[in-house]
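Working notes, beginning with the structure itself.
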Amino acid sequence: MKRRFLPLVSLTFALTLALNSCTIEVNDGLGEGTVTTPGTTESVLSGSGTLSGTISKDLLIKKGNYILKGIVKITGNATLTIEAGANFTVDTSTNSSLVILQDGKINAVGTASEPIVFTTTTKTPGDWGGITLYGSAPIKAINGTSTALSEDGNNVYYGGNDANSNSGTMKFVRVEYAGKKIGDGTSETNSMTFYAVGAGTTLENLVSYKGTDDGYEFFGGTVSAKNIISYGNYDDSFDWQDAWSGQNNTNWYAFQTGVGNFGMEIESSSNIDNVAPKISNITLIRNANTNPETANSPEISAIQFKKQGTGIFSNVYISGYKNIGTQKAYAVLIQDAATETSQVNTNKVKVEPLTYLNSDNAGVWGYAYTPNGAKTFTNTATVTKVTLTPGAWATVDGVNLLAGLQ
């Protein structure tokens, strides 16, 4: 993404709740704040209202229906707690997103039957900026630097030295129609973005639905994710760089439909010395008639490694990756000789056991150059699709997102 400076929201903000014609205002700690509704406190939203501004004190959002307006930032050691069944309709008349800064925390715990949902009324991919978490875990950005400037328009430096830093918990959370374009319009935010997020953070049972950029992108850090769905996202379903190194990932499912680039785009910002992340149980399915964002683009393979990207993947099920025009689709595509030499040939890139069905160029890895020892593989019949818990968390407008796993 192209980097661009955007102004921060004012440190003085209003978080308002309309309840029985009464109002709660919560400030950011710079003033006293006011409470005008009897029986409530400034730390609770009790069923309806608007979430906006910069939050620097603990806030509990109870089950109910809310509006999220503007770039909402959690900072000042505050924790944003969201109950199961809370639903947010994002105001698309302005640039809106939810950003958990390095000194903030999120505790959003839904259930399979009562997920926490962020959506829009227009239901258009790219409506808003999605959810972004910043942590304090190590990164290796370009040239091996330990800090870098974020690409989300928030102008935040990320990177730290606490591998176990804790940005909070997200369980059974669904983000719909995110990936808003920023800057000159050639870059986007992602549906869910994790900057230097540490292993103390819990990410489980998440859905990224029909965003215009990546479903999930990791910029360095050590966090792991379990039971995550990327459905109908325009760019890559899963993406990482800056030497992300999560070690306890499992049950990743991508369903690409309509528009979609790579199932997984993997790089390490050209850092040879990196720790390969580990993911067990991956299912990547590309629906018929799915095309890349740009016509005749080579971005149609299931898994791409480049710029020293690494990954140890086991139990990988891939289906539906077909050639388009002159472009060929592969289960695994290696983009540069340096990655082959330093990572593939040192066993820091593994995709096995693997089953590759209903797809072109079976049995071989693809290379964007003349390889030095091309990889081949044999389908492993014991590899099956990921199994995920059914329920409302994986259902959008009556569509069962898990149908491709059945």
inquiry  = Quick check: pseudo-label points 7 Å beyond the Cα along Cα→Cβ at Ala362 and Thr376, how many nm apart are they?
reply    = 1.5 nm
note = Stokes-Einstein D for the range 263-303 (25 °C, 0.890 mPa s, Kirkwood Rh from Cα pairs), in µm²/s, comes to 189 µm²/s
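With the cut-off at 29 Å, tell me which of the pairs Lys181/Lys278; Lys69/Lys322; Lys63/Lys105 have Cα atoms farther apart than that. Present the calculation step by step, with values, prior to reporting the outcome.
Values: Lys181/Lys278 31 Å; Lys69/Lys322 41 Å; Lys63/Lys105 19 Å.
Listed pairs above 29 Å: Lys181/Lys278; Lys69/Lys322.
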query = Hey, what did the chain get for relative contact order, percent, Cα under 8 Å, at least 6 apart?
reply = 10 percent
message = Solvent-accessible area of Lys69, probe 1.4 Å, all protein chains present, reported in Å² to the nearest ten, please.
response = 100 Å²
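Just the number please: accessible area per residue for the chain, 1.4 Å probe, all protein chains included, in Å². Before the final figure, lay out each step's value.
Numbers: 15430 Å² over 406 residues.
Normalised by residue count, the accessible surface of the chain is 38 Å².
Taking only the Cα atoms of the chain, how large is their convex hull per residue, in Å³?
On the way: hull volume 51.9 nm³, N = 406.
Value for the chain: 128 Å³ per residue.
Give me the percent of accessible area attributable to carbon and sulfur for the chain, probe 1.4 angstrom. Before the final figure, lay out each step's value.
Details: 7590 of 15430 Å².
Roughly 49 percent, rounded to a whole number.
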task = Provide the packing ranking of 49-58, 226-235, i.e. peptides ordered by the mean count of other C-beta atoms within 10 Å per residue, highest first.
result = 226-235, 49-58
Most to least packed among 193-200, 120-127, 154-161 [average Cβ atoms within 10 Å] = 193-200, 154-161, 120-127
key: Principal axis dimensions, largest first and in whole angstrom, of the range 255-325 by Cα   = 38, 25, 15
query = Along each of its three principal axes, how wide is the spread of alpha-carbon positions in the range 67-208, in whole angstrom units, largest first?
reply = 42, 36, 25
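Expressed as a fraction of 2.2 N^0.38 Å, the rule-of-thumb size for a compact globular protein of N residues, what is the C-alpha radius of gyration of the range 314-355? Let's see the in-between values first.
Details: Rg = 12.4 Å, N = 42, 2.2 N^0.38 = 9.1 Å.
Against the empirical 2.2 N^0.38 Å value, I get 1.36 for the range 314-355.
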task = Express in whole angstrom the spacing between the alpha-carbon centres of the range 332-406 and the range 123-148.
result = 24 Å
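The values are calculated or read from the model by the stated rules, or taken from the named source; none is laboratory data. Remember, it's a predicted structure, so these values are computed and weren't measured experimentally. Glycine also receives a Cβ, built like all others from the backbone with ideal geometry; neighbour counts cover every protein chain displayed. Calculation scope for accessible area: heavy atoms of the full protein, side chains included, ligands and nucleic acids excluded. Shrake-Rupley method; radii C 1.70, N 1.55, O 1.52, S 1.80 Å.
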